[in-house]
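J.: Would you mind keeping the following structure in view while I ask a few things?
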Amino acid sequence: MPGFEIFGDEERKQVNDVLDSGILMRYGFDGLRNNHWKAKEFENNFAKKMQSKYCQLVSSGTSALTIALASAGIGAGDEVIMPVFTFVASFESILALGAIPVLVDIDDTLTLDPKAVEAAITSKTKCVMPVHMCGSMADLNALQTICDKNQLLLLEDACQAIGGSYNGKPLGSIGDLGCFSFDFVKTITCGEGGAVITNNKDYYVNSDQYQDHGHDHVGKDRGAETHPNMGYNYRISELHAAVGVAQLEKLDAILEIQKKNYTLVREMLETLEGVTFRRVPEGGEENYSFLSFFLPTEELTKKAINALSEAGVEANFYWYTNNWHYINGWEHLRNIKSLTNVTPEVRNQLEKLNTTDFSKSDAVMSRTISSLLKISWTDEEVLERAEKIKKAIVSVL
Ligand SMILES: *Cc1c(COP(=O)(O)O)cnc(C)c1O
């Protein structure tokens with residue numbers, strides 16, 4: 001999966017362009033920057049790649065989510081529906097705006113269960129935030145229908161699924177807004193970085209201003225620019241953007257390797273009775289960064305995870321007991337461990353997490369193993385790994 005595995009001369013060249021001039025900022029200093037605008041270049045290239053009108057490059061995937069919500073006017077008191085299986089960034093970005101995260105079940109797609117979404121809608125709901133975990137997508141048709149019917153915003157978190165598609169469209173480009181992360185372990189990386197894409201001009205203009213203290217970015221004199229709305233600083237630096245420019249060029253090649261490696265492992269595991277695979281919604285194509293599969297019971301899955309670790313097979317994830325990706329591990333959220341005051345309505349919602357029944361998600365997550373597919377492995381290494389995984393599973397089934 002991660003782009004850092006293939007950091008090379010192409011990235012160094014892009015970064016050196018920036019180091020040569022010493023203009024590390026994405027705005028201004030026109031005469032000194034040797035005409036290098038790495039952030040702008042990335043945004044133009046990425047918007048094209050994602051078949052979207054606009055792209056705003058920012059400092060992280062988490063800030064991208066916050067900016068996307070803010071750009072659509074979502075804030076204090078508004079409810080945002082998100083899945084119980086994701087990364088902590090989902091609720092962090094919502095809470096940062098004073099909005100209320102409403103956590104709901106996932107299904108065998110490992111993403112939002114549309115029925116659970118529908119059941120969670122209230123008069124305060126403003127947005128549905130599917131998270132395309134581990135390279136594959138939510139049932140976007142079903143979610144779009146629910147959003148249309150209830151006039152809700154559809155915001156795709158595509159941080160883990162860059163390059164995947166749904167009905168021929170790039171993931172992230174289907175909802176009203178889509179967000180990506182380019183942190184160091186993502187499919188392509190800037191070191192740190194993120195992006196918002198949209199076809200909505202208002203959301204784009206709002207994103208552009210919000211991530212830079214409200215700057216309207218009109219004219220050539222930064223100090224004289226006006227600030228139509230209050231903002232924040234979520235800017236990316238030119239150095240980070242430069243890495244991204246080179247990495248984006250490698251995306252197609254990365255996806256191709258991932259698909260090949262995924263297929264080798266999958267074909268091996270498909271021969272095993274008792275192993276089933278995560279459901280990919282009809283019309284969807286994964287980005288193949290992980291192969292996620294189910295064993296028949298929680299007990300067998302735990303045994304398999306132990307067997308894999310004893311056999312020294314790295315990078316197999318059991319999210320069910322992971323601190324960062326599943327609600328079971330988020331005791332800081334459930335117990336409202338906050339450095340700052342939390343509004344009563346947020347507190348109310350979070351307190352409910354301790355008594356809400358998520359057994360439907362537990363039943364899926366407790367049987368899920370996700371196997372990472374590195375791009376630096378040779379075919380022999382992938383096959384050897386697949387054999388070891390097969391052997392570990394057979395030993396417990
Ligand atoms: C990585 C990730 C993010 C946040 O990205 P950062 O750039 O690390 O802030 C958000 N959502 C998901 C699903 C992620 O995997």
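J.: Just to confirm the filter: which trypsin sites (Lys or Arg not before Pro) across region 1-104 are DSSP coil and have at most 15 other Cβ within 10 angstrom of their Cβ?
T.: 53
J.: If you don't mind, another one. What is the gain in length, in nm to one decimal, between residue 341 and residue 34 on full extension, counting 0.36 nm per residue of separation less the C-alpha to C-alpha distance?
T.: Residue separation times 0.36 nm, minus the Cα-Cα distance, leaves 105.8 nm.
J.: How high is the relative contact order of the chain, in percent, with contacts defined as C-alpha pairs under 8 Å that are six or more residues apart?
T.: It rounds to 21 percent for the chain.
J.: With every protein chain left in place and a probe of 1.4 Å, what is the accessible surface of residue 93, to the nearest 10 Å²?
T.: The value for residue 93 is about 0 Å².
J.: Starting from the residue with the highest accessible area, list 227, 332 in decreasing order, probe 1.4 Å.
T.: These residues rank, largest area first, as 227, 332.
J.: So what is the relative contact order for region 252-394, in percent, with contacts set as C-alpha pairs under 8 Å and at least six apart?
T.: 39 percent
J.: Continuing with the same structure: Might you work out the accessible area of residue 7 for me, using a 1.4 Å probe with all protein chains in place, and round it to the nearest 10 Å²?
T.: 90 Å²
J.: What is the distance in Å between the Cα centres of region 112-128 and region 139-175?
T.: Measuring centre to centre over Cα atoms gives 14 Å.
J.: Under Stokes-Einstein, with the Kirkwood radius over Cα pairs standing in for Rh, what whole-number D in µm²/s applies to region 3-250 at 20 °C and 1.002 mPa s?
T.: D = 118 µm²/s.
J.: Whenever you get a sec, line up 132, 217 from highest to lowest accessible area (probe 1.4 Å, protein heavy atoms).
T.: 217, 132
J.: So, taking all protein chains as they sit and a 1.4 Å probe, how much accessible area belongs to residue 378, in Å² rounded to tens?
T.: 60 Å²
J.: What are the semi-axes of the equivalent ellipsoid of region 252-394, taken as the square roots of 5 times the eigenvalues of the Cα gyration tensor, listed largest first and rounded to whole Å?
T.: Whole-Å semi-axes of the equivalent ellipsoid: 33, 18, 15.
J.: In region 285-379, which trypsin sites (Lys or Arg not before Pro) fall in coil by DSSP and have 13 or fewer other Cβ atoms within 10 Å?
T.: 337
J.: While we're here: Return one whole number: the accessible area per residue of the chain in Å², for a 1.4 Å probe.
T.: 43 Å²
J.: Considering only protein heavy atoms and a probe of 1.4 Å, how much of the accessible area of the chain is carbon and sulfur, as a whole percent?
T.: 51 percent
J.: Further question: How many angstrom lie between the Cα centre of region 225-294 and the Cα centre of region 296-313?
T.: Region 225-294 and region 296-313 have Cα centres spaced 25 Å from each other.
J.: Oh, and also: Out of all DSSP beta bridges in the chain, what portion is antiparallel? Express it as a percent rounded to 5.
T.: If we restrict to bridges inside the chain, about 65 percent are antiparallel.
J.: Considering only protein heavy atoms, with the full assembly of protein chains and a 1.4 angstrom probe, order 165, 376, 136 by accessible area, largest first.
T.: Heavy-atom accessible area, descending, gives 376, 165, 136.
The values are calculated or read from the model by the stated rules, or taken from the named source; none is laboratory data. These numbers come from a predicted model, not from an experiment. Positions of Cβ are backbone-derived with ideal geometry, glycine not excepted, and every protein chain shown enters the neighbour counts. SASA here: full protein model, heavy atoms, side chains in, ligands and nucleic acids out. Shrake-Rupley method; radii C 1.70, N 1.55, O 1.52, S 1.80 Å.
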